[in-house]
1. If all Cα-Cα distances of chain B are sorted into 10 Å bins from 0 onward, what percent lands in each bin, rounded to whole numbers?
2. Roughly speaking, what is the centre-to-centre gap between segment A:32-76 and segment B:38-68 when only Cα atoms are used, to the nearest Å?
3. Stick to Cα atoms and the Kirkwood definition of Rh, then tell me Rg/Rh for chain A.
4. Between B:Ala254 and A:Ser248, what is the label-point separation in nm under the 7 Å Cα-to-beta-carbon projection?
5. Taking 35 Å as R0, compute the FRET efficiency from the Cβ-Cβ separation of A:Leu42 and A:Tyr101 and round it to 0.05.
6. Divide the volume of the convex hull of the Cα atoms of segment A:1-91 by its number of residues and quote the answer in cubic angstrom per residue.
7. Only loop residues by DSSP count here, and only those with at most 14 other Cβ atoms within 10 Å; note down the chymotrypsin sites (Phe, Trp or Tyr not before Pro) in segment A:2-69 that meet that.
8. What FRET efficiency, computed as 1/(1 + (r/R0)^6) with R0 = 41 Å and r the Cβ-Cβ distance, is obtained for A:Leu126 and A:Asn154, rounded to the nearest 0.05?
Amino acid sequence: MSTALRREPRWVRWVAPLIVGLLALGSWEWAVRAYEVPPYILPGPVLIGQTLLRDWGTLSTSLWVTLQITFAALAVAATLGLALAVLFAQSRAIEISLFPYAVILQVTPIVAIAPLIIIWADDVRLALLICAWIVAFFPILSNTTVGLNSADANLQDLFRLYGATRWQVLTRLRLPSAMPFFLAGLRISGGLALIGAIVAEFVAGTGGRASGLAYRILEAGYQLQIPRMFAALVLVSATGIAIFGALSWLSYLLLRRWHESAGAGESG
Amino acid sequence: MHGLQAPPLLTLRGVSKRFPTGTLAVEGVDLSLARGDFLALLGPSGCGKSTLLRMIAGLIEPTAGEISFPADREARRSIGFVFQEPTLMPWATALRNVALPLELSGMRRRQAEERAAAMLQRVGLAGFERAYPRALSGGMKMRVSIARALVTNPRLLLMDEPFAALDEITRFRLNNDLLALWQAERFTVVFVTHSVFESVFLAERIVVMAPRPGRIVAELRIPPEDRALPEFRTSATYAAHCREVSHALERAMAEG
Ligand SMILES: Nc1ncnc2c1ncn2[C@@H]1O[C@H](COP(=O)(O)OP(=O)(O)OP(=O)(O)O)[C@@H](O)[C@H]1O
Ligand SMILES: [Mg+2]
């Protein structure tokens, strides 16, 4: 890609957005104070930060619940997506028969089916997990399917020349070829799993013993505790960013030695 | 020439290939290859050289004719192939790439890697065992590819324009090294190229092909005593052979 884009020193990539963020927060705080906006309309960042610290007890419990659902859904999505993609790669008939249903699952808005799932599953957390899984599943499946079929044609010939078994072709050629695709899918799905978990909890609208961040947002809304709502919102965003960052890092670690996408840093 | 009594390693009789698209890529090719031959297939783009090579390798079936290995049936399953691109697994080190054919045939990893390391040394890549393809130059990748093709000690080595994508300096060096390897070990080679100079430098036998349909139109031999000349590549004899082969190629293209 364009080398000009990659010219700037590394620290600029961190510092520049940071400055923009701080400026935005600063003007937000200033505006809230200057125009004396009441906190139940728009709290300033300082107040939100204070609320976050004050309510950390309840919020962190909810964060933990949401994280558990998100990661469980992501794990199931990754395992099942990978397994199904491998199955598709083995048999074109299976792929043709099943793929449309995966698409249907993908294009149906989760808010529309969440109520049904919540009715069918007797456990709310199980229902949330299923919803998050539905949203997270497709990118992994479709990406990995493409990846498994993207193995270099000459390499496939080479494996055939040496009489490789189906299993050898799968494990030594197709799965490694699919790895960057799978990881790209996983990165998308990480964020989607979180969104799925949050949206489903909004629809469920129930708290109970172990409620997640979405319920905290709803609850704070009902009680007009707007700073707390913002604090929960901040946590959701931060979690999304952290998940994306962690999965990008994982992808980098796994691919850095051989794949172009992970080799941005010119090594000497 | 090669033992009149010994059966040839490879025989092609009336081999043709028509693709489902209707293209007659190869028509009526007769060819015989003795053990230890170095044969160059020379011809313009699209004359069916790759198709012929892939049929010999068993990767595609001829639509007519017969390909046999009279000297020994095992030879069909003992073929090394070098593609125009290095065709390495990017996720594996040079060593793991070279060890692949051995491991696919069931050899234990340790032993396969030992032999792969020895082979890497023979192609001049000692010390690069742990390098990933991305970290190797085009010429080095091609050497890895050649090492991978030779590591099984194949009865027959098929090379499809292996050096076409390389710069001239690298190509000369690889030509020299390939020739040295062949002189030391006398494996049997079919080498596809569209370079007259390369074919004269490398091969004892040069088979000229013409396109539409792809067929053999001439065969020339470079006498061993000429090839043994010191500085063969800059000699007048070399130039004379190149001229001769060029003329054959021109005639082939005029016919086609
Ligand atoms: N899989 C295929 N399906 C249909 N036609 C093909 C196929 N492969 C090759 N051909 C056709 O067969 C002819 C010979 O192709 P081939 O690749 O063997 O030529 P070549 O001599 O190797 O050319 P080059 O020097 O450019 O590599 C061409 O006309 C090509 O279009
Ligand atoms: Mg070709």
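1. In whole percents, the pair-distance histogram is 7, 30, 35, 22, 5, 0.
2. 69
3. In chain A, Rg relative to Rh is 1.06.
4. Going by the 7 Å Cα→Cβ label model, 6.5 nm.
5. 0.20
6. Convex hull volume per residue, Cα atoms: 213 Å³.
7. Passing sites in segment A:2-69 are A:Tyr35, A:Tyr40.
8. 0.30
Only the coordinates and a few stated rules stand behind these numbers; no lab work does. These numbers come from a predicted model, not from an experiment. Because the Cβ atoms are built from the backbone with ideal geometry, glycine has one as well, and the counts that use them run over all protein chains shown.
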